[in-house]
Amino acid sequence: MDNRPAQNVQETFLNTVRKDKSMITIYLISGTKLTGKIRSFDKYTLLLESKGEDQLIFKHTISTVTIGRPRFRGSEPL
């Protein structure tokens, strides 16, 4: 039996992106797109720095997180 603690994929991903100061794009379930860098996060929220301002985002509103800025062809994401 493996007694190692389970790896929390979400926490590992967010912490790596935060430490690397990577630009990310967050898509909310409402369809809103946010781009910036993660300043911090906890169990329920994520603090995103975008255009010199901080935005507190509740994790339950997030649909997708991608590394890097979104790429577009015309008006549609690739």
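Once the stretch 14-32 is narrowed to residues that are exposed (fewer than 14 other Cβ atoms within 10 Å of the Cβ) and among the basic types (Lys, Arg), the residue that is nearest to GLY68 (Cα to Cα) is LYS21.
Output the residues belonging to the stretch 33-55 that are surrounded by 11 or more Cβ atoms within 10 Å (Cβ to Cβ) and acidic (Asp, Glu). Step through it out loud before you land on a result.
Kept after step one, since they are surrounded by 11 or more Cβ atoms within 10 Å (Cβ to Cβ), are these residues of the stretch 33-55: 33-41, 45-50, 54-55.
Correct list: GLU49, ASP54.
For PHE72, the conditions (1) modelled with pLDDT under 95; (2) in contact with a Gly (Cβ under 9 Å, 6 or more places away or on another chain) all hold with the exception of (2). Could you run through the stretch 19-53 and say how many residues are touching a Leu at 6+ places or on another chain (Cβ under 8 Å), of a type in the set (A, V, I, L, M) and farther than 19 Å from ASN8 by Cβ? Residues meeting the conditions: 3. Per this entry, LEU56 is not counted among residues that are more than 18 Å from THR12 (Cβ to Cβ), at pLDDT 95 or above and under 11 Å from the mean Cα position of the chain (by Cα).
The values are calculated or read from the model by the stated rules, or taken from the named source; none is laboratory data. What you see is a predicted model, and the numbers here were worked out from it, not measured in a lab. Please note: Cβ atoms are built from the backbone with ideal geometry, for glycine as well, and neighbour counts cover all protein chains shown.
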